[in-house]
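Take this structure first; my questions come after.
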Amino acid sequence: MTAAAFWDKIAAKYAAQPISDPVAYEETLARTRAYLEDSFRLLEIGCGTGGTALKLAPFVAHLTGTDISGEMIKIGRAKLGLDTPGNVDFLCADANATVPGAPFDAICAFNILHLVPDLSATLHHLYDQTRPDGVVISKTPCIGEMSIFVRAMIPIIKLFGKAPDVNGFRKAELEATFGEVGFEIVETGHFGKDQNTHFVVARRIG
């Protein structure tokens, strides 16, 4: 099953799920907003059904949300209306797609970097999509930091079509890859109880 097909299949269920840790989610939004300006053009890759994009849109001039799943994007577009910000576009595209409007002032990548086939290639692409001195803001489950039981269960769950392909990097590997690509790490941390999900703000140098 392709990644797009996996996420298409679970899109409706995904959209109906409540946020697992609302406090951590709000803290992530608050830290993200601290790096945004009302003149910014913001890209969110792996935007899912667009909930986070709609919360961040009031703080920027324009927001483009992309996701590999056409069904996720369809749900996101259905949310657009009179009671939502009018500066949002949703596009069906993978994380390495060249998106109209680049280079962006900021790019958000929440819960997506552990899902891309090649972390280095995706970060190189995001570097090219970010203006000089722009930022990439990410929050990423670092599978390599999780218990051996969790890591052992992932391939088994995947066999039953209940999990996507994931990368097993650790926090240090994630930060090192940002640096190798040409980003400067300006903030890291975690929010809520899950210390394995790593928040990183990286600024493009040059």
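Determine the sum of side-chain charges near Gly70: Lys and Arg each +1, Asp and Glu each -1, restricted to other residues whose C-beta is under 11 angstrom from that of Gly70.
-1
Pairs of Cα atoms under 8 Å, at least six residues apart: use those to get the relative contact order of the chain, whole percent.
Dividing the mean separation by the residue count of the chain yields 20 percent.
Round to a whole number: what % of the accessible area of the chain belongs to carbon and sulfur, probe 1.4 Å? Walk me through the intermediate numbers first.
Working: 5740 of 10190 Å².
Ligands and nucleic acids excluded, carbon and sulfur give 56 percent.
Describe numerically, in nm with one decimal, the distance between label points set 7 Å from Cα along Cα→Cβ at Tyr14 and at Lys193.
2.5
A further question follows. Can you tell me, using C-alpha contacts under 8 Å and at least 6 residues apart, the relative contact order of the stretch 4-64 as a whole percent?
33
Give me the one-decimal nm value for the distance between modelled label points at Thr2 and Ser120, 7 Å along each residue's Cα-to-Cβ direction.
The answer from the label model is 2.6 nm.
Across the stretch 34-104, what fraction of all alpha-carbon pairs, as a whole percent, falls in each successive 10 Å bin from zero upward?
Calculated P(r), rounded to whole percents: 23, 54, 22, 0.
Per DSSP H run of n ≥ 4, the term is -39500 (n - 2.57); total these for the chain, divide by its residue number, and report the mean residue ellipticity at 222 nm rounded to 500 deg cm²/dmol.
-11000 deg cm²/dmol
Here's a follow-up. Give me the percent relative contact order of the stretch 1-123, please, defined on Cα pairs under 8 angstrom at least 6 residues apart.
28
When the chain is fully extended, how far beyond the present Cα-Cα distance does Asp83 get from Asn111, taking 0.36 nm per residue of separation?
7.4 nm
Continuing with this model, one more query. As an exercise, find the ratio Rg/Rh for the stretch 50-91 from alpha-carbon atoms, using the Kirkwood inverse-distance average for Rh.
Taking Rg over the Kirkwood Rh, I get 0.93.
Taking the DSSP beta bridges in the chain as the whole, what percent of them are antiparallel, to the nearest 5?
Of all bridge pairs located within the chain, approximately 40 percent are antiparallel.
Also, quick follow-up: So if R0 is 30 Å, what FRET efficiency would Ile185 and Asn96 give, r being the distance between their Cβ atoms, rounded to the nearest 0.05? Don't skip to the end; give the middle numbers.
Values: r = 22 Å, r/R0 = 0.73.
The calculated FRET efficiency here is 0.85.
Averaged per residue, what accessible surface does the chain expose to a 1.4 Å probe, in Å²?
49
The values are calculated or read from the model by the stated rules, or taken from the named source; none is laboratory data. Everything quoted here is computed from the prediction, not taken from an experiment. So basically every Cβ, Gly included, is an ideal-geometry build from the backbone, and we count neighbours across all protein chains shown. Surface accessibility is based on the protein's heavy atoms, side chains included, excluding ligands, DNA and RNA. Shrake-Rupley method; radii C 1.70, N 1.55, O 1.52, S 1.80 Å.
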